[in-house]
Amino acid sequence: MTTSIVGLTDIHKSCGPVEVLKGISLDVAPGEVICLIGPSGSGKNTLLRSINHLEKTNAGEIRVDGNLVGYRELNGRLFELSDKETSKSREDVGMVLQHFNLFPHMTVLENLIEAPLRVRKENKAEATSRAQTLLARVGLEEKADSYPEQLSGGQ
Ligand SMILES: Nc1ncnc2c1ncn2[C@@H]1O[C@H](COP(=O)(O)OP(=O)(O)OP(=O)(O)O)[C@@H](O)[C@H]1O
Ligand SMILES: [Mg+2]
């Protein structure tokens, strides 16, 4: 029985003739912070995208909080889920890409509450209050009403 929040077992992934992931296994404990470090093109993004089933792997098993991602197990065989079913499990996994892709026509606060409102159907007042708390935690509370183009790269 595993206590991993993210568990990868022998993940293989090829892009055409190039084998990008050659049997990656990894266990991340709840609350643990880990860094993936490697040369450009070594497959870091491919591995992270695989965790959300944004990339299909060729072999191996991926579990988040004990559940398979993108597949259902039936009589020892794996069957790929529909996009709609996989979207449901993606709701619980956050991902910040190299390009943040903030909506340029929305303020910082509006960017932060968009997914909670639209995906989670959260109450606007609660989502706003939580967003403000999170902004304060990283010292950006005064930027809530700024637009992305008014921020520095780090902000
Ligand atoms: N759709 C694709 N088709 C073919 N090759 C691909 C595809 N996507 C990624 N690759 C190749 O897979 C390899 C891993 O790419 P990936 O983006 O995962 O690397 P990375 O470790 O995140 O690199 P960087 O540090 O530059 O961001 C690269 O060699 C890349 O060229
Ligand atoms: Mg990358």
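The values are calculated or read from the model by the stated rules, or taken from the named source; none is laboratory data. Computed from a predicted model, the values in this text were never measured in an experiment. Please note: Cβ atoms are built from the backbone with ideal geometry, for glycine as well, and neighbour counts cover all protein chains shown. Ligands, DNA and RNA are stripped out before the accessible areas are found, and what is left, the full protein with its side chains, is counted by its heavy atoms. Shrake-Rupley method; radii C 1.70, N 1.55, O 1.52, S 1.80 Å.
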Query raised in the report: Quick one: what pairs do we get from the range 44-73, first residue open to solvent by less than 60 Å² (accessible area, probe 1.4 Å), second part of a helix (DSSP H, G or I) and of a type in the set (Asp, Glu), C-beta under 9 Å, 6+ apart or different chains?
Result: 70/85
**Report entry** Qualifying positions in the range 121-138 - exposed (fewer than 11 other Cβ atoms within 10 Å of the Cβ) and not in a helix (DSSP H, G or I)
**Finding:** 121, 138
Requested in this report: Starting from residues that are in a loop (DSSP other than H, G, I, E, B) and touching an Asp or Glu at 6+ places or on another chain (Cβ under 7 Å), keep the ones in the range 3-26 and report whichever is nearest to residue 93 (Cα to Cα).
Outcome: 5
Query raised in the report: Which of (1) more than 16 Å from ligand 1 (Cβ to nearest atom); (2) free of Cβ contacts under 8 Å to residues at least 12 places away in the same chain does residue 91 not meet, given it meets every other one?
Result: (2)
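Just name the residue that is modelled with the highest pLDDT out of those in the range 18-76 that are among the basic types (Lys, Arg) and within 16 Å of ligand 1 (Cβ to nearest atom).
First, the residues of the range 18-76 that are among the basic types (Lys, Arg): 22, 44, 49, 56, 63, 72.
Still in the list and also within 16 Å of ligand 1 (Cβ to nearest atom): 22, 44, 49, 56.
Working: 22: 96, 44: 93, 49: 92, 56: 91.
Residue satisfying both the conditions and the ranking: 22.
Check 106, 95 and return the single one that is open to solvent by less than 80 Å² (accessible area, probe 1.4 Å), touching an Asp or Glu at 6+ places or on another chain (Cβ under 9 Å) and closer than 30 Å to residue 151 by Cα.
Sole residue among the options that is open to solvent by less than 80 Å² (accessible area, probe 1.4 Å), touching an Asp or Glu at 6+ places or on another chain (Cβ under 9 Å) and closer than 30 Å to residue 151 by Cα: 106.
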Report summary line: Pairing a residue in the range 11-35 that is more than 12 Å from residue 47 (Cα to Cα) and among the acidic types (Asp, Glu) with any residue that is open to solvent by less than 40 Å² (accessible area, probe 1.4 Å) and more than 16 Å from ligand 2 (Cβ to nearest atom), where Cβ atoms lie under 6 Å and the two sit 6 or more apart in sequence or on different chains, gives 27/4; 27/7
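Taking the condition at pLDDT 90 or above, surrounded by 14 or more Cβ atoms within 10 Å (Cβ to Cβ) and either assigned to a helix (DSSP H, G or I) or more than 16 Å from ligand 1 (Cβ to nearest atom) (or both), does residue 112 pass?
When the stated conditions are applied, residue 112 passes them.
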